[in-house]
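Worksheet for the structure shown next.
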Amino acid sequence: MDFNEVPVTSERKSKKKKNKKAGNKRVSEAENGESAGVEKKSEEKIMENGESSAAFPPTFSVSEIKNKQRRHMMFMKLKQEKRKQKLQLRKKKKKERAALGDKAPPKEVPKTIENQRVFDETTVDPEDEEIAFDEGTDEFSAYFNRLTNPQVLITTSDRPRGKTVRFCEQLASVIPNAHVYYRRGLALKKIIPQCVARNFTYLMVVNEDRLVPNGLVLCHLPDGPTAHFKVSSVRLRKEIKRRGKDPTEHSPEVILNNFSTRLGHTIARLFAALFPQDPNFVGRQVATFHNQRDFIFFRFHRYIFKNEKKVGIQELGPRFTLKLRSLQKGTFDSKYGEYEWVLKRHEMDACRRKFQL
Amino acid sequence: MQHDDVIWDIIGNKQFCSFKVKTKSQNFCRNEFNITGLCNRSSCPLSNSQYATIREEKGQCFLYMKVIERAAFPARMWEKVKLSKNYEKALEQIDQNLIYWPRFIRHKCKQRFTKITQYLIRMRKLVLKRQRKLVPLSRKVESREKRKEEKALIAAQLDNAIEKELLERLKQGTYGDIYNFPVHAFDKALEQQDHESESESEEEEAEEEVEQREFVAEDEVEESDLSDFEDMNKLKTSSDEEEQESSEGEEQQEESSDEEEAGASTSKSAARGRKRRAFVEIEYEREVEPVSKSRDF
């Protein structure tokens with residue numbers, strides 16, 4: 001315990017409290033004379049009382065005081081002492097640093113969760129050939145080889161209300177070549193072959209719960225992977241402060257940040273294939289998917305370069321965050337599908353510094 | 001003896017019947033053998049000693065009949081006849097069993113049977129359609145995730161990340177020739193030219209004095225770049241974007257207190273930016289992180 005650092009002030013108080021403590025000890029003895037644990041403690045207190053004129057013995061801990069108020073006070077004092085010491089330490093360090101000037105050792109980098117992230121063995125090495133080969137031949141290769149143009153079909157769960165409908169409309173305005181269709185109680189498994197027949201490349205289903213969109217199923221159509229996300233913090237256009245005018249029809253650029261593992265790469269390609277390959281730079285619009293600690297933040301901005309070192313961005317469009325729940329190999333099939341990855345809360349949430357994407 | 005009228009007199013009107021449910025407009029009967037479900041003199045199973053109903057068990061329909069001869073034997077009072085699954089045959093069965101019975105009961109039995117078959121058909125159809133699965137949410141988990149999301153948002157510093165990425169792309173030249181101000185590249189080109197011309201001039205000192213290196217003053221640079229900027233303005237095809245630019249210019253001034261004049265045009269701001277670049281480039285960005293947004297709904 002840190003109690004060796006407790007300076008004199010507490011001792012003074014302890015002297016004042018010696019009588020009280022003695023009383024305490026007597027009371028505690030009287031109450032729990034039988035139980036061995038308390039007896040030991042009372043013995044300790046006797047010893048303490050004998051020695052406490054100078055300092056507490058190191059085995060003392062604040063939690064042993066039975067009286068809540070006094071315990072609380074002692075704890076507060078302990079905290080204050082610690083804080084004071086910390087402050088003194090910092091001042092000292094600062095002075096030393098100032099004194100040394102240039103020769104001072106470099107500042108220590110503070111630990112962040114990103115710094116401390118547990119190394120994931122599936123992290124993609126940019127030069128890995130195997131991965132490059134895989135990505136050349138996976139389901140998105142058609143898109144990345146410019147063979148297909150993305151066509152997105154956006155729909156919802158049954159009977160969408162209010163916010164979900166508007167969210168779908170805004171999504172359709174953000175993603176070029178996107179169409180919104182009302183669900184009308186159709187089964188997804190029946191919709192999918194129809195979509196394939198009409199040359200759609202993507203199916204997006206926005207799930208709604210209590211008037212608010214809360215889930216997203218993103219299905220790459222000709223046999224592609226299906227990703228199921230949890231959607232949160234949806235902000236529609238009118239809820240965004242300081243926003244610009246509505247997005248135009250120009251194809252936006254796409255920014256994908258922080259997708260480092262294999263799984264992250266798959267998801268990133270999933271997002272990338274939503275947008276046409278050639279963005280209209282004239283439009284100056286950019287859609288960002290930023291992954292941070294397994295949350296994917298989507299933003300839609302319009303940018304302008306003020307000079308070659310500064311750029312201003314203005315948020316248009318909806319914003320939302322996604323969290324991946326499952327990735328399935330084929331198209332949407334909840335019963336018999338082959339799941340590539342499923343969020344298992346107990347395993348994956350156990351470590352705070354371990355992330356999947 | 002069964003005194004139907006007396007029974008009805010008591011339970012129907014004057015006193016209490018435990019199966020009766022009273023509403024503002026109607027009285028209902030909760031007795032399971034009741035054929036219509038209403039509390040009427042002719043529909044009450046307690047006050048009619050000759051009575052028949054249709055009931056359904058696990059998809060099978062049965063005809064229950066009660067006659068006055070068995071009124072003294074409550075255990076055997078109701079005769080149960082299984083009806084065929086074929087609708088027409090079942091109707092015939094009802095007719096056969098209830099031959100010589102009052103019209104009302106026969107009619108109501110058939111009506112009830114029809115209704116039951118209809119809802120059974122509907123149940124079977126619904127099972128084949130999509131069924132909604134309810135997934136329970138755990139409050140603790142949800143609040144934990146929400147908190148993690150907020151922290152992740154703060155750690156992400158989205159605006160900075162996006163701006164950095166865009167500037168990198170500009171540097172790498174993905175935008176091609178659209179933006180003409182890469183002074184960086186200009187400087188580099190200048191430097192290159194310097195090196196070249198130095199090496200050249202060493203060799204060809206006497207010959208080429210026409211090719212003099214001109215160290216261009218900043219003002220001139222500004223003008224040329226200003227004109228470039230105006231060109232960029234012309235690049236915007238729709239008037240909307242022009243308006244946008246001016247409004248953007250205004251709005252960006254809110255963001256970066258580097259440009260403090262209100263309502264300045266973008267060219268002016270570019271000029272100021274250029275001038276200031278000679279001294280110190282301080283970029284203040286007032287980022288109002290929308291953390292509060294996730295809290296207010």
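The values are calculated or read from the model by the stated rules, or taken from the named source; none is laboratory data. Everything quoted here is computed from the prediction, not taken from an experiment. All Cβ positions, glycine included, derive from the backbone under ideal geometry; neighbour counts span all protein chains shown.
In region B:10-25, of all residues being surrounded by 10 or more Cβ atoms within 10 Å (Cβ to Cβ) and assigned to a loop (DSSP other than H, G, I, E, B), the one that is farthest from the chain's Cα centre (by Cα) corresponds to B:Cys17.
Would you call A:Val217 more than 9 Å from chain B (Cβ to nearest Cβ) and in contact with a Phe, Trp or Tyr (Cβ under 7 Å, 6 or more places away or on another chain)?
yes
Mind checking which pairs have a first residue in region A:256-273 that is assigned by TED's automatic domain parsing to the domain that holds A:Leu324 and over 12 Å from A:Asp294 (Cα atoms) and a second that is of a type in the set (Gly, Ala, Ser) and not in a strand (DSSP E or B), Cβ under 7 Å, 6 or more apart or different chains? Once the first residue is assigned by TED's automatic domain parsing to the domain that holds A:Leu324 and over 12 Å from A:Asp294 (Cα atoms) and sits in region A:256-273, its partners that are of a type in the set (Gly, Ala, Ser) and not in a strand (DSSP E or B) give A:Leu256/A:Ala268; A:Leu256/A:Ala272. If only residues of region B:124-151 that are loosely packed, with under 11 Cβ neighbours inside 10 Å and assigned to a helix (DSSP H, G or I) are counted, the one that is farthest from the other protein chains (Cβ to nearest Cβ) is B:Arg124. Counting only strands (runs of 3 or more DSSP E) that fall entirely inside region A:284-357 and contain at least 3 residues that are free of Cβ contacts under 8 Å to residues at least 40 places away in the same chain, out of contact with any helix residue (DSSP H, G or I) (no Cβ under 6 Å at 6 or more places or on another chain) and within 12 Å of chain B (Cβ to nearest Cβ), the qualifying elements are A:295-307.
Scan region A:263-275 and tell me whether some residue there is charged (D, E, K, R) and surrounded by fewer than 19 Cβ atoms within 10 Å (Cβ to Cβ). Scanning region A:263-275, I find no residue that is charged (D, E, K, R) and surrounded by fewer than 19 Cβ atoms within 10 Å (Cβ to Cβ), so the answer is no. Can you name the residue in region A:103-139 that is within 14 Å of chain B (Cβ to nearest Cβ) and touching a helix residue (DSSP H, G or I) at 6+ places or on another chain (Cβ under 8 Å) and is also surrounded by the fewest Cβ atoms within 10 Å (Cβ to Cβ) among such residues? Residue satisfying both the conditions and the ranking: A:Thr112.
Answer with yes or no whether A:Arg161 is over 27 Å from A:Asn258 (Cα atoms) and assigned by TED's automatic domain parsing to the domain that holds A:Asp278. Yes. Looking across region B:79-109 at every residue that is exposed (fewer than 12 other Cβ atoms within 10 Å of the Cβ) and polar (S, T, N, Q), the one that is nearest to B:Gln50 (Cα to Cα) is identified as B:Gln96.
Looking only at region A:270-303, which residues are β-branched (Val, Ile, Thr) and over 19 Å from A:Leu216 (Cα atoms)?
Answer for region A:270-303, where residues must be β-branched (Val, Ile, Thr) and over 19 Å from A:Leu216 (Cα atoms): A:Val282, A:Val286.
Residue pairs whose Cβ atoms lie under 8 Å apart, separated by 6 or more positions or on different chains, with the first residue in region A:56-69 and in a helix (DSSP H, G or I) and the second aliphatic (A, V, I, L, M), are A:Val62/A:Met74; A:Val62/A:Leu78. Of all the criteria given as (1) among the aliphatic types (A, V, I, L, M); (2) within 27 Å of A:Val205 (Cα to Cα); (3) not in a helix (DSSP H, G or I), the one not satisfied by A:Ile113 is (2).
In region A:181-201 there is at least one residue that is in a loop (DSSP other than H, G, I, E, B), hydrophobic (A, V, I, L, M, F, W, C) and either in contact with a Lys or Arg (Cβ under 7 Å, 6 or more places away or on another chain) or at positive phi (or both).
The number of residues in region A:140-160 being touching a Lys or Arg at 6+ places or on another chain (Cβ under 9 Å) and either of a type in the set (D, E, K, R) or closer than 20 Å to A:Val217 by Cβ (or both) comes to 10. Scanning region B:53-90 for residues that are under 18 Å from B:Asp4 (Cβ atoms), in a loop (DSSP other than H, G, I, E, B) and touching a residue at least 40 places away in the same chain (Cβ under 8 Å) returns a single hit, B:Ala71. Residue pairs whose Cβ atoms lie under 7 Å apart, sitting 6 or more positions apart in sequence or on different chains, and linking a residue in region A:73-88 that is touching a residue at least 12 places away in the same chain (Cβ under 8 Å) to a partner that is surrounded by 12 or more Cβ atoms within 10 Å (Cβ to Cβ), are A:Met74/A:Val62; A:Met74/A:Ile65; A:Phe75/A:Val62; A:Lys77/A:Ser10; A:Leu78/A:Val62; A:Glu81/A:Val6.
In region B:92-103, is there at least one residue being in a helix (DSSP H, G or I) and basic (Lys, Arg)? Let's see the steps before the verdict.
Within region B:92-103, the first condition is being in a helix (DSSP H, G or I), and the residues that meet it are B:92-97, B:103.
With the extra rule that they be basic (Lys, Arg), the set shrinks to B:103.
Scanning region B:92-103 turns up at least one residue that is in a helix (DSSP H, G or I) and basic (Lys, Arg).
For B:Ile121, indicate whether it is touching a residue at least 40 places away in the same chain (Cβ under 8 Å), away from chain A (no Cβ under 14 Å) and either surrounded by 11 or more Cβ atoms within 10 Å (Cβ to Cβ) or part of a helix (DSSP H, G or I) (or both). Spelling it out, it is not the case that B:Ile121 is touching a residue at least 40 places away in the same chain (Cβ under 8 Å), away from chain A (no Cβ under 14 Å) and either surrounded by 11 or more Cβ atoms within 10 Å (Cβ to Cβ) or part of a helix (DSSP H, G or I) (or both).
The set of residues from region A:229-251 being away from chain B (no Cβ under 12 Å) and more than 18 Å from the chain's Cα centre (by Cα) comprises A:Arg237, A:Lys238, A:Ser251.
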